[in-house]
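Everything below concerns the one structure shown next.
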Amino acid sequence: MYKHFFKPFTDFMIGLIGSVILFPFFIIIGIIIFIDDPGPIFFKQKRVGKNKKLFTIWKLRTMKRNTPDVPTHLLENPEQYITRTGRLWRKLSIDELPNIWSLLTLKMSLIGPRPALWNQDDLIAERDKYGANGVRPGITGWAQINGRDELEIPVKAALDGEYVKRMSFGFDCKCFFGTIKTVFKHEGVVEGGTGELHKQQAIESESQEQEEVVAVAEEEILQTTDMNLQTETTPDSEEETAADIEEEATPNIEEEATPDIEEEATPDIEEETAADTEEETTPDTDMTETACSAESEEAYG
């Protein structure tokens with residue numbers, strides 16, 4: 001009942017009321033877009049609808065007119081194609097508001113899997129596994145409040161399949177209010193499209209690994225430098241040690257040598273002095289004795 005009657009009726013009424021309320025808003029936004037980048041205000045594109053039938057979707061133009069008609073995540077540098085005001089429209093999902101016109105034709109639903117691009121074969125194939133191509137695509141959905149651009153294709157398709165199984169009024173309300181929360185928090189919006197956050201994380205991880213390798217290399221260089229410095233300073237230490245030993249040994253040798261010299265020299269000097277004294281005194285004694293003998297002979301003679 002809900003899937004075949006109440007849900008389509010609700011989508012049509014939301015599209016009708018929304019178109020009337022948003023009409024003045026579209027005029028103001030259109031003027032801003034034209035001033036920023038002269039050209040069409042709205043952007044139309046072929047998308048994959050229910051049972052993989054193509055239909056035309058309308059959006060506010062956020063990219064330059066020369067942008068290739070490919071998924072954003074396949075662009076080499078998507079930032080170069082986004083207009084200055086387009087960044088704000090995409091961040092707040094304002095560019096998706098013209099999707100409500102597709103509610104009037106029942107080509108889309110308010111809640112459902114986001115419509116794939118006509119050439120987004122990988123996503124279409126993954127959704128076939130979960131039966132997600134058999135329902136009307138939505139302006140927002142279960143995958144959009146659980147990662148949006150951060151999700152890889154297989155994960156996004158699996159979440160779309162989960163929505164198909166759990167589709168109900170209560171679950172649609174959960175997705176609707178979850179979308180409001182996600183938009184105000186700007187969660188899951190990553191320029192570059194599907195899986196871009198995972199790519200950024202991979203780049204950051206690789207950069208961190210490179211930094212760790214550089215740090216290890218620098219540490220090894222420092223250790224090698226320290227070892228070289230120790231090797232260069234060792235001979236100096238040995239020379240200083242040898243000099244210290246020589247300084248300590250020299251006074252001892254001199255002290256030991258001096259007493260030996262004095263001991264050896266003193267007896268010789270004493271012996272020579274004694275001999276000289278005997279030689280000097282001996283003639284005087286002989287002469288004295290001779291003189292006394294002569295005087296005695298004269299006295300007795």
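The values are calculated or read from the model by the stated rules, or taken from the named source; none is laboratory data. Predicted, not measured: the structure shown is a model, and the values here were computed from it. Every residue, glycine among them, receives a Cβ derived from its backbone with ideal geometry; neighbour counts consider all protein chains shown. Note: accessible area is taken over every heavy atom of the protein model, side chains too, but ligands, DNA and RNA are not part of it. Shrake-Rupley method; radii C 1.70, N 1.55, O 1.52, S 1.80 Å.
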Original post:
For labels at LYS129 and LEU104 in the simple 7 Å Cα→Cβ model, what's the distance in nm?
Top reply: 3.9 nm
Original post:
In what sequence, largest accessible area first, do LEU104, LEU60, LEU74 appear using a 1.4 Å probe?
Top reply: LEU74, LEU104, LEU60
Original post:
Where a ≥ b ≥ c are the square roots of the eigenvalues of the C-alpha gyration tensor, would you call the range 1-142 rounded, which needs a/c under 1.5, or, failing that, prolate if a/b is larger than b/c, or oblate?
Top reply: oblate
**OP:** Round to the nearest 0.05 the FRET efficiency obtained for PHE184 and LYS3 when R0 = 35 Å and r is the Cβ-Cβ distance.
**Re:** 0.75
**OP:** Would you mind counting up the charge near GLY112? Only other residues with Cβ under 10 Å from its Cβ, with Lys and Arg at +1 and Asp and Glu at -1.
**Re:** +1
Subject >> Cα gyration tensor category, rounded, prolate or oblate, for the range 1-57 with a/c compared to 1.5 >> reply: oblate
Subject >> Cα-based Rg and Dmax for the range 83-123, where Dmax is the largest Cα-Cα distance (Å) >> reply: 12.5, 33
Original post:
Going by a ≥ b ≥ c, the root eigenvalues of the Cα gyration tensor, does the range 50-110 fall in the rounded group (a/c under 1.5), the prolate group (a/b larger than b/c) or the oblate group?
Top reply: oblate
**OP:** Bin width 10 Å, alpha-carbon pairs only: give the P(r) of the range 30-74 as whole percents, running from 0 to the bin holding the largest distance.
**Re:** 24, 46, 25, 5
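Only Lys, Arg, Asp and Glu count, each charged at its Cβ (+1, +1, -1, -1), so figure out the dipole size of the range 78-157 about its Cα centre, rounded to 20 debye.
Value, rounded to 20: 320 debye.
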**OP:** For the range 30-65, state which trypsin sites (Lys or Arg not before Pro) are in a DSSP loop and have at most 14 other beta carbons lying within 10 Å of their beta carbon.
**Re:** LYS53, LYS64, ARG65
**OP:** Can you tell me how much longer the chain between ASP226 and LEU16 gets when fully stretched, taken as 0.36 nm per residue apart minus their C-alpha distance, in nm with one decimal?
**Re:** 67.7 nm
Subject >> Computed label-point distance, nm, for sites ASP121 and ILE28 using a 7 Å Cα→Cβ extension >> reply: 4.5 nm
**OP:** Provide the solvent-accessible area of ILE31, counting protein heavy atoms only and rolling a 1.4 Å probe, rounded to the nearest 10 Å².
**Re:** 100 Å²
**OP:** Please find the FRET efficiency linking CYS173 to GLU76, where r is the Cβ-Cβ separation and R0 is fixed at 30 Å, and quote it to the nearest 0.05.
**Re:** 0.15
